[in-house]
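The values are calculated or read from the model by the stated rules, or taken from the named source; none is laboratory data. These numbers come from a predicted model, not from an experiment. For neighbour counting, all protein chains shown are included, and Cβ atoms are generated from backbone atoms with ideal geometry for every residue, glycine included. Ligands, DNA and RNA are stripped out before the accessible areas are found, and what is left, the full protein with its side chains, is counted by its heavy atoms. Shrake-Rupley method; radii C 1.70, N 1.55, O 1.52, S 1.80 Å.
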Amino acid sequence: RRHGFGGDSMRAGGGVSIYDCLDLFVKPERLSDGWKCPKCKTQRKATKRFGISKLPRVLVVHFKRFRFTQMGSRKIDTMVDFPTHGLDISGYLVQGKSQAAPKANGSSSCSSSSSSNGAPSTPSPGNERGVYDLYAVSNHSGSLGFGHYTAYAKTEGGQWYNFDDSIVSKMPKGAPVQSKASYLLFYKKRGE
């Protein structure tokens, strides 16, 4: 696997890796309404793309756990496999500054069509290493209307604790912090 973590994209239990989620996050998306050039006022086909332009000291990953439709809402309980040590997001770091205008597809005499391309897609040259270690997880169990939150947090000494309302308990060494209830992940950049 190109990320050096996990195995196949879909796990035996129907789960995915955090890298699959990051790949979807940065995947270019076609804009249904396109984009109107501010110079020539021509409507164009366009895409948008998210990227990470600067590595944060603390990285918070929020999993989409609820789906809303006309029929109501439902909980998404897909297992997301994520590392506790060595999450490497270096490959998602983009170089340069994001432009205000999305990438325009097609040719035109308008000079703005070739100068704006959304979030740049050139990876960072690697001078900034984006490796993170997990220090906390917020979990959500139940449904949208009747849910319960718990948390796992690690001390500087490496001991994990389970926080469940007023009860705090030490977790056994090696106990998993990944589950279908994982909702928010808190990572600290190595060397910070």
Notebook entry, point to check: How far apart, in nm, are the 7 Å Cα→Cβ label points at Asp23 and Ile167?
Noted result: 3.9
Notebook entry, point to check: Put a dot 7 Å past each Cα toward the Cβ at Lys48 and Ile76; how far apart are the dots in nm?
Noted result: 1.7
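Determine the gain in length on full extension of the stretch Arg67-His148; use 0.36 nm per residue of separation and subtract their C-alpha separation, reporting nm with one decimal.
Result: 27.4 nm gained on full extension.
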Check: What accessible surface, in Å², does a 1.4 Å probe find on Ser138, ignoring ligands, DNA and RNA and rounding to the nearest 10?
Finding: 20
Check: Which entries of Lys154/Lys188; Lys64/Lys180; Lys27/Lys180; Lys154/Lys180; Lys154/Lys189 show an alpha-carbon separation above 22 angstrom in the structure shown?
Finding: Lys27/Lys180
